[in-house]
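Engineer: Below are the structure tokens for one structure; questions will follow.
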Amino acid sequence: MMLSPWPWPTLFAHRGGGALAPENTLAGMLKAVEHRFAAVEFDVKLSRDRVCIVLHDDTLERTTNGHGAAAGQTWEQLARLDAGSWFGPAFAGTALPTLEAVAACCLSHDLLVNAEIKPCPGREVETGECVASELARLWRAAPVLPLVSSFSYPALQAAHAISPRLPLGWLLESWEDDWQDKLAAIDAVSLHCDEQLLTPERVEKVRSAGYRVLAYTVNEAARARALLGWGVDGLFTDALDSLPAALRD
Ligand code: G3P
Ligand code: MG
């Protein structure tokens, strides 16, 4: 099988802005632009009323001034939250963004996107369907579609059924011996692994089978060089201000 022709940059800014701005916000995406990243990764889930929002956790406490489950609140309620003060006073008032707002930002700055579908528990299929149809709508005129990933295989199956043109990657936090059958069944293009799962042999096997390999989260230059040396195609990093320069040296 041929490797996918998606543009595959070497570095993706993890959660939008890495460690330099509140994660999964427009301020974060702009840090990726400032540091000349070609691509960003961010996390997408649903509000109670099925608006696609960009947020990592199931609950609001860590990265906003809200409380409780994100899935328990409507977009009208979530839109009032401050998603920046937790990070620092300079980011006070930063909004929790919709996928639509993040799409506008990424498209206007020519940022490649890896949208990670991060369903709240019990909403895997619904989230896969809603996020895939929204991604296909928002990127309908763009030259490159977003790469869509998830730890949730049911979410990826649902995304594939709704929008078969979207390139898919399966995310692993522990190794799965049936990776090849699972990737083939949804026409996926890549396997996205916790970097600690990878060995030269595993990278070689996955790539020989025709799939790209991405690794998260890699902030140290020596580890990044080792993984890239094994053939890993790309890395998710929080070190926006140091890893690109270190890899150039
Ligand atoms: O998509 C790679 C990485 O973002 C997965 O972990 O928890 O940061 O979403 P997490
Ligand atoms: Mg993520």
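Engineer: Could you check the range 34-51 and list, in sequence order, the residues that are in contact with a Leu (Cβ under 7 Å, 6 or more places away or on another chain) and not polar (S, T, N, Q)?
Structural biologist: His35, Phe37, Ala38, Ala39, Val40, Asp43, Val44, Lys45
Engineer: Let me ask something else. Go through Glu100, Glu124, Glu134 for me and flag whichever is within 16 Å of ligand 1 (Cβ to nearest atom) and open to solvent by 10 Å² or more (accessible area, probe 1.4 Å).
Structural biologist: After applying the criteria, what remains is Glu124.
Engineer: Condition check: within 20 Å of Ala19 (Cα to Cα) and among the charged types (D, E, K, R). Does Glu126 satisfy that?
Structural biologist: When the stated conditions are applied, Glu126 does not pass them.
Engineer: Right, another one. Among the residues of the range 37-65, what is the count of those that are of a type in the set (Asp, Glu), within 14 Å of ligand 1 (Cβ to nearest atom) and out of contact with any helix residue (DSSP H, G or I) (no Cβ under 9 Å at 6 or more places or on another chain)?
Structural biologist: Number of matching residues: 2.
Engineer: Hey, among the residues in the range 19-32 that are over 11 Å from Ala83 (Cα atoms) and either modelled with pLDDT under 95 or outside any helix (DSSP H, G or I) (or both), which one's farthest from the chain's Cα centre (by Cα)?
Structural biologist: Leu20
Engineer: May I pose another question? Scan the range 1-15 for residues that are assigned to a loop (DSSP other than H, G, I, E, B), at negative phi and either free of Cβ contacts under 8 Å to residues at least 24 places away in the same chain or touching a Lys or Arg at 6+ places or on another chain (Cβ under 9 Å) (or both) and jot them down.
Structural biologist: If the condition is that a residue be assigned to a loop (DSSP other than H, G, I, E, B), at negative phi and either free of Cβ contacts under 8 Å to residues at least 24 places away in the same chain or touching a Lys or Arg at 6+ places or on another chain (Cβ under 9 Å) (or both), then Leu3, Ser4, Pro5, Trp6 are the ones that fit.
Engineer: For the range 5-22, enumerate the residues that are within 17 Å of Leu235 (Cα to Cα) and of a type outside the set (A, V, I, L, M).
Structural biologist: Matches in the range 5-22: Trp6, Pro7, Trp8, Pro9, Thr10, Phe12, His14, Arg15, Gly16, Gly17, Gly18.
Engineer: Please verify whether Thr74 is away from ligand 1 (no atom under 16 Å from the Cβ), under 16 Å from the mean Cα position of the chain (by Cα) and surrounded by fewer than 22 Cβ atoms within 10 Å (Cβ to Cβ), treating the condition exactly as stated.
Structural biologist: Criteria not met by Thr74.
Engineer: Then there's this: Take the conditions touching a Cys at 6+ places or on another chain (Cβ under 8 Å) and at pLDDT 95 or above and apply them to Ala245. Does it pass?
Structural biologist: no
Engineer: Taking the stated definitions as given, is Ser4 within 30 Å of Arg207 (Cα to Cα) and among the hydroxyl-bearing types (Ser, Thr, Tyr)?
Structural biologist: In short, yes.
Engineer: Same structure again: Do any strands (runs of 3 or more DSSP E) lying entirely in the range 33-121 carry at least 1 residues that are away from ligand 2 (no atom under 15 Å from the Cβ) and not aliphatic (A, V, I, L, M), and which ones are they?
Structural biologist: none
Engineer: Any idea how many residues of the range 36-53 are buried (at least 16 other Cβ atoms within 10 Å of the Cβ) and either modelled with pLDDT under 95 or within 11 Å of Phe12 (Cα to Cα) (or both)?
Structural biologist: Adding up the residues that qualify gives 6.
Engineer: Which of the residues that make up the range 160-183 are touching a Phe, Trp or Tyr at 6+ places or on another chain (Cβ under 9 Å) and either of a type outside the set (Phe, Trp, Tyr) or within 16 Å of ligand 2 (Cβ to nearest atom) (or both)?
Structural biologist: Once the filter is applied, which keeps residues that are touching a Phe, Trp or Tyr at 6+ places or on another chain (Cβ under 9 Å) and either of a type outside the set (Phe, Trp, Tyr) or within 16 Å of ligand 2 (Cβ to nearest atom) (or both), the range 160-183 yields Leu166, Pro167, Gly169, Trp170, Leu171, Leu172, Glu173, Glu176, Gln180, Lys182, Leu183.
Engineer: Does Val189 qualify as being in contact with a Ser or Thr (Cβ under 9 Å, 6 or more places away or on another chain), within 16 Å of ligand 1 (Cβ to nearest atom) and more than 26 Å from Ala21 (Cβ to Cβ)?
Structural biologist: Considered against the rule, which asks whether it is in contact with a Ser or Thr (Cβ under 9 Å, 6 or more places away or on another chain), within 16 Å of ligand 1 (Cβ to nearest atom) and more than 26 Å from Ala21 (Cβ to Cβ), Val189 comes out as yes.
The values are calculated or read from the model by the stated rules, or taken from the named source; none is laboratory data. The model shown is predicted, which means the values in this text are computed figures rather than measured ones. Methodologically, a virtual Cβ is constructed for each residue, glycine included, from the backbone with ideal geometry; neighbour enumeration extends over all protein chains shown. With ligands, DNA and RNA removed, areas are computed over all heavy atoms of the protein, side chains included. Shrake-Rupley method; radii C 1.70, N 1.55, O 1.52, S 1.80 Å.
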